[in-house]
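The values are calculated or read from the model by the stated rules, or taken from the named source; none is laboratory data. Note that the structure is a prediction, hence the values are computed from the model and not measured. Note that we place each Cβ from the backbone using ideal geometry, even for glycine, and neighbour counts take in every protein chain shown.
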Amino acid sequence: MKRVEAIIKPFKLDEVKAALNAVAIQGMTVSEVRGFGRQKGHKEVYRGAEYVVELVPKIKIEVVVADQAVTRVVETIAKAAKTGKIGDGKIFVLPVEETVRIRTGERGDGAL
Amino acid sequence: MKRIFMAVIILIALVGSASLIFAEEKSKTEVTAPGATEQAKSAPLAPAAPATPAPPKIDTGDTAWMLISAALVLLMTPGLALFYGGMVRSKNVLGTIMHSFIIIAIITVQWVLWGYSLAFGPDVGGIIGNLSWFALNGVGLDPNPDYGATIPHQAFMIYQAMFAIITPALITGAIAERMKFKTFLVFTLLWATLVYDPIAHWVWNVGGWIHNLGALDFAGGTVVHISSGISALAAAILVGKRKGYRVEPMAPHNLPMTITGAAILWFGWFGFNAGSAIAAGRLSTSAFVVTHIASAAAAISWPLVEWIYKGKPTTLGAASGAVAGLVAITPASGFVGAMPALLIGFGAGIFCYIAVVSKNRFAYDDSLDVVGVHGIGGTWGALATGLFASKAINDAGANGLFFGNSALLGIQALAVVVTWIYAFVVTFILLKILDWTMGLRVNEEEEESGLDLSQHSETGYNF
């Protein structure tokens, strides 16, 4: 099992969700985060005082998938989230040791 | 320390109750005489009573307008709370709002006990009133010929109470996000008694020395805005800069709240300025109209200057401009015409913007720009009155420089300087004493966690 973590631009969320549904990924965890890579922040001005805001709002999507599905999922997210401009985001793949479905007690790939 | 504090509170409560009971037993009638009023009158008098001189008749239109105006000015203080509240960081939103809100409560009590008497009561030497009107003794429902000959005396009193309330509330912008609540309460009571009441007396009491010099202040340019603006400077210097000032970001956390507050202030200001006619009719209409024009003009000029110098016009700039225009027109509102109001407002947006952005050259942290908007705006307004006042608008006033009288400008300048010096010095001394005895600031940890939690055990937002 692997956890696929994707940091994407917020407006791309619906597109990525739809694309994942199309490849039979039904569940995910979504959080609102802030961060930056190479994308510069923006400037705000209040009564002449300038504030450079470096942290840019992003969306983080986490899905845990079976090993065989990882490549497919990564490609799906990358394609749906891409705009070609700086700030598109990154995808990380991490190993997962165990998964449990709380309602039934199932473990392993069957719990995904 | 705590026990002494409690003992003092109980003592005040006992003395207060005693005088209240005492005052109620005395008859509330006052000597009334058919005196001339200084304001333009609207309603005609009923046929006079035969032998004794007729008591001034209460005009229902004037009275209705004054009661509404009092309510309008009251609303300005919660409006100010929102205006300021949106500009601080979210961890301090309740603390900031609480400053204004609690002032409504404590200054109301101070005013009806001794504040009104000191400000408007029988004059002593042109400097201050005596305490014969303590606990509204002698302040009844018959008109006082000097203060609203066509409205109940208490209507005038309660209208003025709202001014006494909002003036110290203005200062709180300068000490936002770092003052100890206890000390703030004591400071407010003492400032009202030692700064506001005397200055109001000098400018608005019929025996006041600045009044008798001929200085014109229709609705409170010196009494309210300059006094609070300059006191705010003293306060900002003595309370010191916020931790992380100019290093950490301290952007406004809720500008929609701020704009809402500005809108409420604009609305209420019609009571502040037009109500200062103390009657409903020609003068109050004139004041209403010029107030609106000045605010609109400033709401154009501030964002315009921003657009030119910073690249974009901002909503905070539009709201701040509107407020600056209202401040500037305040002393002039009963004395100038529509086109001068346009110029006064337009100028206010520019001068106050410059004052606000220049703040960074000096070493003080006037967090919400009280000095720049109220101090400078009020000064501009007071001097502009010396330029544009016209007896054609209000023949109880005077002519300004552009209407053939160069003397007024000098008198206005004198009133301005006296107010600057007195308000600054007394506030400075007051805060120094309070710093030695009670401490002005919260400690570092309290400042870091925010006033809402540290002073009030509350959080503003629990999403």
Subset of the stretch A:8-22, residues among the basic types (Lys, Arg) and outside any helix (DSSP H, G or I), comes to A:Lys9
With the requirement that a residue be of a type in the set (Phe, Trp, Tyr) and assigned to a loop (DSSP other than H, G, I, E, B), what does the stretch B:259-296 give you?
none
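Only residues that are aromatic (Phe, Trp, Tyr) and either in contact with a Lys or Arg (Cβ under 6 Å, 6 or more places away or on another chain) or modelled with pLDDT of 95 or more (or both): list them for the stretch B:344-364, please.
Correct list: B:Phe346, B:Phe351, B:Tyr353.
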Please give the number of the condition B:Gly397 fails out of (1) over 20 Å from A:Gly48 (Cα atoms); (2) crowded, with 24+ Cβ neighbours inside 10 Å; (3) in contact (Cβ under 8 Å) with a residue 60 or more places away in the chain.
(2)
Determine whether B:Trp202 is surrounded by 24 or more Cβ atoms within 10 Å (Cβ to Cβ) and in contact (Cβ under 8 Å) with a residue 40 or more places away in the chain.
yes
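Among the helices (runs of 4 or more DSSP H) lying completely within the stretch B:149-258, list those that include at least 3 residues that are over 15 Å from the mean Cα position of the chain (by Cα).
Once the helices (runs of 4 or more DSSP H) in the stretch B:149-258 are filtered for at least 3 residues that are over 15 Å from the mean Cα position of the chain (by Cα), what remains is B:153-171, B:181-191, B:209-213, B:227-239.
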Flagged in the stretch B:129-143 as under 15 Å from B:Tyr159 (Cα atoms) and part of a loop (DSSP other than H, G, I, E, B), in numbering order, are B:Val139, B:Gly140, B:Leu141, B:Pro143
Cβ pairs under 7 Å, 6+ apart, first in the stretch A:40-55 and within 9 Å of another protein chain (Cβ to nearest Cβ), second of a type in the set (S, T, N, Q)
A:Val45/B:Thr314; A:Arg47/B:Ser320
Selection count, the stretch B:232-255, where residues are more than 14 Å from chain A (Cβ to nearest Cβ) and either of a type in the set (A, V, I, L, M, F, W, C) or farther than 30 Å from B:Leu430 by Cα (or both)
8
For the stretch B:305-362, what are the residues that are more than 11 Å from chain A (Cβ to nearest Cβ), in a loop (DSSP other than H, G, I, E, B) and free of Cβ contacts under 8 Å to residues at least 12 places away in the same chain?
B:Phe362
Any residue that is within 14 Å of chain A (Cβ to nearest Cβ), under 21 Å from B:Trp420 (Cβ atoms) and among the polar types (S, T, N, Q) - is there at least one of those in the stretch B:364-381?
yes
Before we move on, is B:Ile264 farther than 15 Å from B:Ile166 by Cβ and surrounded by fewer than 24 Cβ atoms within 10 Å (Cβ to Cβ)?
no
Determine, yes or no, whether B:Phe403 is of a type outside the set (Gly, Ala, Ser) and either in contact with a Gly (Cβ under 9 Å, 6 or more places away or on another chain) or within 14 Å of chain A (Cβ to nearest Cβ) (or both).
no
Evaluate the stretch A:16-32: report whether one residue or more is under 30 Å from B:Ala319 (Cβ atoms), within 14 Å of chain B (Cβ to nearest Cβ) and either in contact with a Ser or Thr (Cβ under 6 Å, 6 or more places away or on another chain) or modelled with pLDDT under 95 (or both).
no
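For (1) out of contact with any Leu (no Cβ under 8 Å at 6 or more places or on another chain); (2) closer than 30 Å to B:Lys359 by Cα, each residue gets a yes or a no:
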{"site": "A:Met1", "(1), (2)": "no, no"}
{"site": "A:Ala6", "(1), (2)": "yes, no"}
{"site": "A:Lys12", "(1), (2)": "yes, no"}
{"site": "A:Ala18", "(1), (2)": "yes, no"}
{"site": "A:Ala22", "(1), (2)": "yes, no"}
{"site": "A:Arg34", "(1), (2)": "no, no"}
{"site": "A:Arg47", "(1), (2)": "no, yes"}
{"site": "A:Val53", "(1), (2)": "yes, yes"}
Out of B:Thr314, B:Thr291, I need the residue that is of a type in the set (S, T, N, Q) and buried (at least 23 other Cβ atoms within 10 Å of the Cβ). Which one?
B:Thr291
